[in-house]
Amino acid sequence: MLGAMTTIGARAALEEAVAKLPSGLRDHVLRVVEEARRLAPRYGIDEERAVVAALGHDLERAERPSELLRQAEAAGLEPSEVERSAPILLHGALSARLMAERFGVADEEVLAAARYHTTGRAGMSALERLIFVVDKIEPGKLRGEPALAEARRLADESLEAAMRCLLDLHVSRALAQGWPLHPNVVAARNELLVG
Ligand SMILES: [Fe+2]
Ligand SMILES: [Fe+2]
């Protein structure tokens, strides 16, 4: 009961923080919340935990790359070479940190869902998979990326199938653009292929 009350307190504070984000980011987060709420029951995921993870996942998304790197170093996260080359990769871990430290979120699975929403990882919980997927298939992202429509359709059937589609899309794009692959992307995809 105490856990549930704590989550509800965090939710109200997170809603206030989200309302203060830049408008484009705020609208994205609110659409992610809606998608998380829509799909959570389908996969037996607690709706309140899904909403709290969705509200917090991008709290640090609007920070400048130099600031993300500074915060990650200050927090002892020891950014890798790939993360140093694209500090935006650090915003999930830093958002999770903020959720724990400023908003009192203590649920490790909720924090992991925020931490790994960008790259995925091997061994994700259903909640982590949900947040990874809904972050990328919310209708606002679809408008700029028609290829995401297939992932959105798959998300109604299987989070694993939607993840596989999204990770394949990411790898294709990385090859085309010459981006490095984050090791967690490879681990997440390998697990879905052969795990
Ligand atoms: Fe994000
Ligand atoms: Fe996001």
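The values are calculated or read from the model by the stated rules, or taken from the named source; none is laboratory data. Bear in mind that the values here come from a model prediction, so they are computed numbers and not experimental data. Cβ placement follows ideal geometry from the backbone for every residue including glycine, while neighbour counts extend to all protein chains displayed.
If only residues of the range 70-120 that are of a type outside the set (D, E) and on the phi > 0 side of the Ramachandran plot are counted, the one that is surrounded by the fewest Cβ atoms within 10 Å (Cβ to Cβ) is G76.
Summed over the range 85-140, residues that are in contact with a helix residue (DSSP H, G or I) (Cβ under 7 Å, 6 or more places away or on another chain) and basic (K, R) total 4.
Pairs linking a residue in the range 13-37 that is more than 15 Å from ligand 2 (Cβ to nearest atom) to a residue that is modelled with pLDDT under 95, with Cβ atoms under 6 Å and 6 or more positions apart or on different chains, do not occur.
Within the range 38-70, which residues are away from ligand 2 (no atom under 16 Å from the Cβ), in a loop (DSSP other than H, G, I, E, B) and within 27 Å of G9 (Cα to Cα)? Once the filter is applied, which keeps residues that are away from ligand 2 (no atom under 16 Å from the Cβ), in a loop (DSSP other than H, G, I, E, B) and within 27 Å of G9 (Cα to Cα), the range 38-70 yields A40, G44, I45, D46. Out of R153, R115, one residue alone is among the basic types (K, R), within 15 Å of ligand 2 (Cβ to nearest atom) and modelled with pLDDT of 95 or more. It is R115. Entry remark, the range 141-171: residues being within 16 Å of the chain's Cα centre (by Cα) and farther than 26 Å from G44 by Cβ number 1 in total. Please enumerate the residues belonging to the range 46-56 that are touching a Lys or Arg at 6+ places or on another chain (Cβ under 9 Å) and either among the hydrophobic types (A, V, I, L, M, F, W, C) or within 20 Å of P22 (Cα to Cα) (or both). Result: A50, V51, V52, A54, L55. Scanning the range 47-66 for residues that are more than 14 Å from ligand 1 (Cβ to nearest atom) and either closer than 16 Å to M99 by Cβ or surrounded by 22 or more Cβ atoms within 10 Å (Cβ to Cβ) (or both) yields E48, R49, A50, V51, V52.
Scoring K141 on the criteria (1) closer than 20 Å to G9 by Cβ; (2) of a type in the set (K, R); (3) within 16 Å of ligand 2 (Cβ to nearest atom) leaves a single failure, condition (1).
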